[in-house]
Amino acid sequence: MPKTVTLIRSNSLSDVQYAYAATAPAEARLVFLAGSCPLNSDGSTCGKGDFATQAAKCIENMKVALAEADATLDDVIATRVLVVSSDQADLVTAWEVVRDAFGEHDVPSTLIGVAALGYDHQLVEVEATAAVLD
C-alpha cells in the first residue's frame, strides 16, 4: 500500500535533515491524537525525573493509540513535543528519543519548553496527527 503521508524537505532552508512540511491526499482520514503522556497502565507517571524515559513511554503509548485508529508511526503527519524545562539540553534529550522512534519518517515537528504538564512528575508529552487511507 502506498504511503499516505508525503514529507516535504527544503534545499532553501537550513541544512538540517528534516521534513519542514507534510501533505496527505484529500481522501485521507485524519486522526487527531490527544497528547501522549508517560503514564503506566496503573496511571502512575513513568520515569520520574528522566526526560528520555518519559519520551520513550510517550511514544510507546502513542503507538497503542495509533494502532487503535488503524494507524502507525509512518502515518503521522506532524508532532508537537512538549518538555517541562527551560534548559535546551533537556528538550534535546526528549527530542532525540522522539526523532529516533520515527526513524526515516522524520515528520514536521515542533519542540516546546513549557512550565508544567498535567500529571504529577510529568516532564514530556507528545501530540500527533496522523493521516490514513481506509
Qualifying aspartates and glutamates (Cα of each under 15 Å from Cα of LYS3; at least 8 residues distant if same chain): GLU27, ASP70, ASP74, ASP75, GLU104, ASP106, ASP134
Net charge dipole size for region 65-134 [Lys, Arg +1 and Asp, Glu -1 on Cβ; Debye, nearest 20]: 260 debye
Apportionment of accessible area to carbon and sulfur, region 1-45, percent (1.4 Å): 55 percent
26 Å Cα-Cα reach of LYS48 towards lysines, excluding residues that sit fewer than 8 places from it in its own chain: LYS57, LYS63
(i) 16.3; (ii) 16.9; (iii) 15.2, with the label sought being that of the calculated Kirkwood radius over Cα pairs in Å: (iii)
Largest-first ordering by accessible area, 1.4 Å probe, given options ASP134, ASP50: ASP134, ASP50
Size of charge dipole - the chain - debye, nearest 20, with Cβ of Lys, Arg +1 and Asp, Glu -1, no other charges: 180 debye
Prolate/oblate/rounded label for region 15-68 (Cα gyration tensor, a/c 1.5): oblate
Area of SER86 that stays accessible when all protein chains are in place (1.4 Å probe, Å², to 10): 120 Å²
Of all DSSP beta bridges in the chain, antiparallel share, percent nearest 5: 75 percent
By accessible area with a 1.4 Å probe, ligands and nucleic acids excluded, highest first: order of THR45, THR79: THR45, THR79
Probe 1.4 Å, accessible area per residue of the chain, Å²: 56 Å²
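The values are calculated or read from the model by the stated rules, or taken from the named source; none is laboratory data. Bear in mind the structure is a predicted one, so any value in this text is a computation, not a measurement. Positions of Cβ are generated from backbone atoms using ideal geometry, with glycine treated the same way; all protein chains shown enter the neighbour counts. Areas reflect the complete protein model, heavy atoms only, side chains present, ligands, DNA and RNA absent. Shrake-Rupley method; radii C 1.70, N 1.55, O 1.52, S 1.80 Å.
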